[in-house]
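> My structure is below; once you've seen it, I'll send some questions.
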2 protein chains.
Amino acid sequence: MIMIADISDGRQRAVIENLTPNVDAGRFPVKRSLGEQLVAEATVFADGHDHLGVVLQYRHAETADWQETPMQALGNDRWRGAFAVDRIGTWHYTVTAWVDDFSTWRYELSRREQADDIALALLSGAELMEQAASRAAGEHRDRLSGWATALRADTALEDRTALALSDAVADTMARYPDRRLATRYFREYRVVVDRERARFSTWYELFPRSCIPGSDTHGTFDDCKGRLAEIAAMGFDIIYLPPIHPIGHTNRKGRNNTLVAEPGDPGSPWAIGSEAGGHKAVHPDLGSLESFRGFVDSARGLGMEVALDIAFQCSPDHPYVKEHPQWFRRRPDGSVQYAENPPKKYQDIYPIYFETDDWQALWEELKSVFEFWIEQGVLVFRVDNPHTKPFAFWEWLITEIRQQHPEVLFLAEAFARPSIMYRLAKLGFTQSYTYFTWRNTRWEITHYLSELTRTEVREFFRPNFWPNTPDILHEYLQFGSRPAFMTRLVLASTLAANYGIYGPAYELQEREPREFGSEEYLNSEKYEVRRWDTGRAESLRDFISRVNHIRRDHPALQQDLNLEFYPVDNEQIICYGKWNEDRTDIIIGLVNLDPYHRQSGWVELPLETLDIDSHHPYQMHDLLTGARYLWNGARNYVELDPQGAQAHIFHLLRRVRTERDFEYFF
Amino acid sequence: MIMIADISDGRQRAVIENLTPNVDAGRFPVKRSLGEQLVAEATVFADGHDHLGVVLQYRHAETADWQETPMQALGNDRWRGAFAVDRIGTWHYTVTAWVDDFSTWRYELSRREQADDIALALLSGAELMEQAASRAAGEHRDRLSGWATALRADTALEDRTALALSDAVADTMARYPDRRLATRYFREYRVVVDRERARFSTWYELFPRSCIPGSDTHGTFDDCKGRLAEIAAMGFDIIYLPPIHPIGHTNRKGRNNTLVAEPGDPGSPWAIGSEAGGHKAVHPDLGSLESFRGFVDSARGLGMEVALDIAFQCSPDHPYVKEHPQWFRRRPDGSVQYAENPPKKYQDIYPIYFETDDWQALWEELKSVFEFWIEQGVLVFRVDNPHTKPFAFWEWLITEIRQQHPEVLFLAEAFARPSIMYRLAKLGFTQSYTYFTWRNTRWEITHYLSELTRTEVREFFRPNFWPNTPDILHEYLQFGSRPAFMTRLVLASTLAANYGIYGPAYELQEREPREFGSEEYLNSEKYEVRRWDTGRAESLRDFISRVNHIRRDHPALQQDLNLEFYPVDNEQIICYGKWNEDRTDIIIGLVNLDPYHRQSGWVELPLETLDIDSHHPYQMHDLLTGARYLWNGARNYVELDPQGAQAHIFHLLRRVRTERDFEYFF
């Protein structure tokens, strides 16, 4: 008995290699979202010179039947096919290929010259048609049998050859290939399909306790409703709340992260748990579970979703500490091991001990936290520091949750080394925090975005760009003033389809660090209720609103995969293009990276790839100001000014009417 | 029950990704040879900040026990380890990693500042040492227990800390890590290890029937023995013979590939089989099987091996045609389908019909052909057109043969599209023909060699460079005269560790094509007995001999993986460096690609990577002429002349003595 790697019959001659896309050779699924296609390629060939049939096969995980679509040869043995991922959940895909005897025969017949050869070849063709007839039924079977007979008839060779080479014969034969010796690729790959908001979302982070404009009274969910209309009008579709659970008392942090809280200090929302409950409870000062649900409903009524922050760590007062002492690591003196990074200590937080013998019960309980909030209507979770919990835990948890609730989205808040951030995305996180906050120069931005969109990272990692967070106030914003905030907002919102801001602080351009050289905010909202005068005249509200509405109107900005950077002869200006799949929408971003000075330079656009006629002017419509510019040829002059237009978001209109467009011109 | 991808316990926190090298994620083995190492890298990390232990594990396929060697962190979560592949056959390798509690603890202890913390940490350390003691035995167990006790003793904190941080403790603890929760990479990869000649070989192709110098009498194996000493003296170690089997009579080709042979025409050796036998027989005109064995023995006595050409195709007179009619495809008129590429026909050859229902018997018979010649002492096979037979067949055949005879080498003679040539190498061919013959300009050579040596191709494809073959007389040689032959010989022999020439024609610079624009030789030896006056004065014998002896003396030229091209400001000059693994041998090749004119230019060497002191001169010793040049700094002038030195093969001597090297200087 002959044993052969991968195949069952030594006559399976087609070879299939290097099916893409895939993540780690199929260990993890590729990511796509509704409205997209899965475009697959494979290297397919056989020995000799025979022609091949190649199909891309796919099925939704909940469907038993495979569908298929033909793949087309691209040259050099590479083939491409595509299918629309029109249902959320997991899909499987693979490739099948076979030697296509009829196509080979037809091609050879067309090159034969001698009458003897042709006559003999027609007999071979008749055999192939009879075999195909036996695989067909009804009308097709009759037609194929009839052609086989005609090819054998005693009629003129030219007529029989013409019939044999006809399109009708080719089309019918193509329906009944002999696939008994077809080869199937040795792996099936997976694509996880999310709803559209996984690909395109606009986040607004808000501490609910500081939600009363112009007041430092502790706000409630009911108070928060008051801000919803305004945030929705700005074009955000996800309201993200830091943890809303009871906050511990033991070792509570004071304002500006001081070690001892003053009476009345509210503590950090990340010190989760008190006698009032843990991860499934709502902080009494914010209201009841019912009022939270009301808040979620109100947001939904305005087209927004609420995202919750899930931080798996406990204050010493968390009910878990008493109920499940085995979930916390003990020190030799019997005390619980608090979080630390020697010599630093975080006595207000106990990390969960994932190496506990009781890990299975722990995992199930943590999963139930997500299930609890899903029941309350939450479908988006921002996970705090997932990289400090085992990767296997997240892979299991996300897989489990999404099996029941494939519409749930997970954002990984990890600022760690690249391999760690990528692993979290591979194992299932829908979106990911990034290094964007620290990428400010043109080289840094170009290099980073190229890594995210031009390497295999694009298949599994969906960046979510944040110009600020409650933890990160970058120097660029500290020193750059209002133009810096505009620059970073335009970059985040047009370079990434998913972006977010730590809202009130960004609108009001809050930029005082706790101390010189620090990236922390002075009077950080993490440790106190803040008063936000969101109605102030200098608010960026209108600018943010404008940008978000441009995003809503332009599919080019609702995806990450089509992005290219264009040369500008001034390092302080960055220029890039984005477009939707069928290139009906092209956006050109032009941003001044210098928040202090006017910058100008010559931009060079690749007319050919943008499909612009080099002999015609084209129109650049600035969606930020409404201004329209006529550009001509590849190189055009631009000028950006912190005191005026710090950025352009151009809609490129390829065709400008001229007199030649009118009938009378001809 | 919690089910987790890849791991058995949710507490296995280490993650291992992207183990390299591998070919198609382990579908095929990597190739190495005796004298080399397998240097593996993997991305390894865990949640949080704990330290890791990482080992590379490996075993020969015929050994049950795994060996292991520690991997070292390279930064950014990448780890590297290596093992010597000191036995031919297949090896397996993978990676295991675990969270190293002791190393983490030790690092944290070194950063603790408060006495309370340190005291508590020492107790934790004592626990770790006791656990390690339980895994140890004898002296080590006692020592570890003793240290645990000492750490708990009522002695000065400083003394106990010093003990805890001592090298003795660290070294002993490192021997007994707690690996119960270790993670093993989810795949095992394979490396096939060949004997050295797979990596470094020098081929001489010879038609045995034309082996009598200065005569056109049909030669025999006994006659061929007469040329062996001379070929060995030129430095070749493989004599490759085109098929030595009986040649068919039916439709035998005449001289210069004419359709009708004249009486006495010997026919093409590739039209295999007659009443005298098939693939296991020797052409009666060449002698007996015994004389063939004698020839093999004589070659071996001179340090050379005989390589046979295996071409699986049959003359109409081959015994298989009668004995196994089902192995040949029939046409509708009952005749056997001869080889064709419409409208071209090759009536002297019947291809084997691999889609026969009797394919298993066919495969076994073809395998027995190799076994037969292995029994006659042949361990090297050049396989003719393997890409016109099913890939699965070769994968099975080579695997089967090498299971019994891991010393056997297979050279794939395929000139086909890249994916096809690479597939043959992946599935098991030891060495491969290449596009080298058609790569003549600097851009072409640089680009092609970069693909072969700088991409994953390097892991499985061993190029064998042929400046000519009986089928290919490139235009460069037709028009380039003697300097062209020198240039191409130096390039083939120094760019690839495996190279070969179609011997007599190359020595004598045979360069007449059959017709203008053809790549075929006039009066090709394929169709007639040729008279070779190998003793002629203009023979390249001495030059070839010189080059081959340089190859023998220099390990840098006995490998393909370390190669870099260096800039020269003249496109007609190519410059490159090769070095052995420990960089004790560095060769710089400098070749004039213009066979007509003198060319000069400035070469730029990367002094830093070559470890050359930029303040000292260094010596370039031309191994072709013996001349020595003192070079200085990165840029140096070179001049190459078709009438003189058309190439340099420099041995780089990094250090030239100066007066400062003598003691009296100080």
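> Taking residue B:475 and the conditions (1) open to solvent by less than 50 Å² (accessible area, probe 1.4 Å); (2) out of contact with any strand residue (DSSP E or B) (no Cβ under 6 Å at 6 or more places or on another chain), which numbered condition does it fall short on, given that it satisfies the others?
(1)
> Continuing with this model, one more query. If the requirement is being closer than 26 Å to residue A:395 by Cβ, without any contact (Cβ under 8 Å) to a residue 60 or more places away in the chain and among the aliphatic types (A, V, I, L, M), which of these qualifies: A:84, A:46, A:25, A:64?
The unique qualifying residue is A:64.
> Can I ask one more? Under 15 Å from residue A:104 (Cα atoms) and surrounded by fewer than 17 Cβ atoms within 10 Å (Cβ to Cβ): which single residue out of A:174, A:153 fits that description?
The conditions single out A:174.
> Pull up region B:50-70, narrow it to residues that are open to solvent by less than 20 Å² (accessible area, probe 1.4 Å) and either small (Gly, Ala, Ser) or within 21 Å of the chain's Cα centre (by Cα) (or both), then point me to the one that is nearest to the other protein chains (Cβ to nearest Cβ).
Per the criteria, the residue is B:53.
> Within the bounds of region B:100-111, is there any residue that is open to solvent by 30 Å² or more (accessible area, probe 1.4 Å), in a helix (DSSP H, G or I) and without any contact (Cβ under 8 Å) to a residue 24 or more places away in the chain? First the steps, then the outcome.
So the first thing to find is which residues in region B:100-111 are open to solvent by 30 Å² or more (accessible area, probe 1.4 Å), and the list is B:100-101, B:103, B:106-108, B:110-111.
Now drop any that are not in a helix (DSSP H, G or I), which leaves B:101, B:103, B:106-108, B:110-111.
Still in the list and also without any contact (Cβ under 8 Å) to a residue 24 or more places away in the chain: B:108, B:111.
Yes - at least one qualifying residue is present in region B:100-111.
> Let me ask you something else. Does residue B:158 fit the bill of being more than 14 Å from chain A (Cβ to nearest Cβ), under 30 Å from residue B:79 (Cα atoms) and open to solvent by 70 Å² or more (accessible area, probe 1.4 Å)?
The answer is no for residue B:158.
> Please find, within region A:360-373, the residue that is farthest from the other protein chains (Cβ to nearest Cβ) out of those that are without any contact (Cβ under 8 Å) to a residue 40 or more places away in the chain and open to solvent by less than 20 Å² (accessible area, probe 1.4 Å).
A:362
> Among the numbered criteria (1) within 20 Å of residue B:200 (Cα to Cα); (2) touching a residue at least 60 places away in the same chain (Cβ under 8 Å), which single criterion is violated by residue B:433?
Exception for residue B:433: condition (2).
> Looking at B:336, B:306, B:380, B:321 in this structure, which one is under 26 Å from residue A:4 (Cβ atoms) and in contact (Cβ under 8 Å) with a residue 12 or more places away in the chain?
Being under 26 Å from residue A:4 (Cβ atoms) and in contact (Cβ under 8 Å) with a residue 12 or more places away in the chain holds for just one of B:336, B:306, B:380, B:321, which is B:380.
> Sticking with this one: Restricting to region A:213-241, name every residue that is within 19 Å of residue A:282 (Cα to Cα) and either assigned to a loop (DSSP other than H, G, I, E, B) or not basic (Lys, Arg) (or both). Walk me through how you get there before you give the answer.
Of region A:213-241, the ones within 19 Å of residue A:282 (Cα to Cα) are A:217-225, A:239-241.
Within region A:213-241, A:217, A:218, A:219, A:220, A:221, A:222, A:223, A:224, A:239, A:240, A:241 qualify.
> If residue B:607 meets every condition in (1) within 27 Å of the chain's Cα centre (by Cα); (2) more than 27 Å from residue B:642 (Cα to Cα) apart from one, which number is that one?
That leaves (1) as the condition not met.
> Here's another thing I want to ask about it. Only one of these is within 11 Å of chain B (Cβ to nearest Cβ), in contact with a Ser or Thr (Cβ under 8 Å, 6 or more places away or on another chain) and open to solvent by less than 20 Å² (accessible area, probe 1.4 Å): A:44, A:23, A:15. Name it.
Unique residue meeting the criteria: A:15.
> In region A:545-556, what residues are under 21 Å from residue A:506 (Cα atoms) and open to solvent by less than 20 Å² (accessible area, probe 1.4 Å)? Can you show your working first?
Keep residues of region A:545-556 that are under 21 Å from residue A:506 (Cα atoms), which gives A:545-552.
Scanning region A:545-556 gives A:547, A:548, A:550, A:551.
> Take the residues of region A:374-394 that are away from chain B (no Cβ under 14 Å) and open to solvent by 40 Å² or more (accessible area, probe 1.4 Å): which is farthest from the chain's Cα centre (by Cα)?
A:375
> Answer yes if at least one residue in region B:395-415 is within 24 Å of residue B:564 (Cβ to Cβ) and either within 14 Å of chain A (Cβ to nearest Cβ) or crowded, with 22+ Cβ neighbours inside 10 Å (or both), and no otherwise.
Of region B:395-415, the ones within 24 Å of residue B:564 (Cβ to Cβ) are none.
Within region B:395-415, none of the residues are within 24 Å of residue B:564 (Cβ to Cβ) and either within 14 Å of chain A (Cβ to nearest Cβ) or crowded, with 22+ Cβ neighbours inside 10 Å (or both).
> Suppose the filter is under 30 Å from residue A:87 (Cα atoms), more than 14 Å from chain B (Cβ to nearest Cβ), of a type in the set (A, V, I, L, M, F, W, C) and buried (at least 19 other Cβ atoms within 10 Å of the Cβ); does residue A:203 pass it?
yes
> Kindly list the number of the only condition in (1) among the charged types (D, E, K, R); (2) more than 18 Å from the chain's Cα centre (by Cα); (3) within 14 Å of chain A (Cβ to nearest Cβ) that fails for residue B:456.
Looking at each condition in turn, residue B:456 falls short on (2).
> Which residue out of B:117, B:86 is outside any helix (DSSP H, G or I) and farther than 22 Å from residue B:184 by Cβ?
On inspection, the qualifying residue turns out to be B:86.
> Within 25 Å of residue B:337 (Cβ to Cβ), assigned to a helix (DSSP H, G or I), outside the structural domain of residue A:40 (by TED's automatic domain parsing) and in contact (Cβ under 8 Å) with a residue 12 or more places away in the chain: is that true of residue A:128 in this structure? Give the derivation first.
Details: within 25 Å of residue B:337 (Cβ to Cβ): yes; assigned to a helix (DSSP H, G or I): yes; outside the structural domain of residue A:40 (by TED's automatic domain parsing): yes; in contact (Cβ under 8 Å) with a residue 12 or more places away in the chain: yes.
Yes.
> Something else: Pick out, from region B:556-666, the strands (runs of 3 or more DSSP E) lying fully within it that include 3 or more residues that are of a type in the set (A, V, I, L, M).
Where strands (runs of 3 or more DSSP E) fall fully within region B:556-666 and carry at least 3 residues being of a type in the set (A, V, I, L, M), they are B:586-592, B:647-653.
> Still on this structure, please answer the following. Quick one: residue A:73 ticks every box in (1) of a type outside the set (Ser, Thr, Tyr); (2) buried (at least 18 other Cβ atoms within 10 Å of the Cβ); (3) assigned to a strand (DSSP E or B); (4) over 27 Å from the mean Cα position of the chain (by Cα) bar one, so which box is it?
(2)
> Only one residue in B:622, B:569 is of a type in the set (Asp, Glu) and open to solvent by 10 Å² or more (accessible area, probe 1.4 Å), so which one is that?
B:569
> Continuing with the same structure: Looking only at region B:71-96, filter to residues that are farther than 26 Å from residue B:176 by Cβ and of a type in the set (S, T, N, Q); which one of those is farthest from the other protein chains (Cβ to nearest Cβ)?
Across region B:71-96, the extreme among qualifying residues is B:90.
> With the condition kept exactly as written, say whether any residue in region B:340-351 is within 13 Å of chain A (Cβ to nearest Cβ) and under 32 Å from the mean Cα position of the chain (by Cα).
Yes, region B:340-351 contains a residue that is within 13 Å of chain A (Cβ to nearest Cβ) and under 32 Å from the mean Cα position of the chain (by Cα).
> Taking residue A:298 as the residue in question, decide whether it is more than 34 Å from the chain's Cα centre (by Cα) and open to solvent by less than 60 Å² (accessible area, probe 1.4 Å).
no
> Among the candidates A:285, A:357, A:333, single out the residue that is over 28 Å from residue B:11 (Cβ atoms), open to solvent by 50 Å² or more (accessible area, probe 1.4 Å) and not in a strand (DSSP E or B). Steps first, answer last, please.
On the way: A:357 fails: over 28 Å from residue B:11 (Cβ atoms); A:333 fails: over 28 Å from residue B:11 (Cβ atoms).
Checking each option against the conditions leaves just A:285.
The values are calculated or read from the model by the stated rules, or taken from the named source; none is laboratory data. Note that the coordinates shown come from a computational prediction; the quantities given were computed from them, not determined experimentally. Methodologically, a virtual Cβ is constructed for each residue, glycine included, from the backbone with ideal geometry; neighbour enumeration extends over all protein chains shown. Just so you know, the surface numbers come from the protein's heavy atoms only, side chains and all, with ligands and any DNA or RNA stripped out. Shrake-Rupley method; radii C 1.70, N 1.55, O 1.52, S 1.80 Å.
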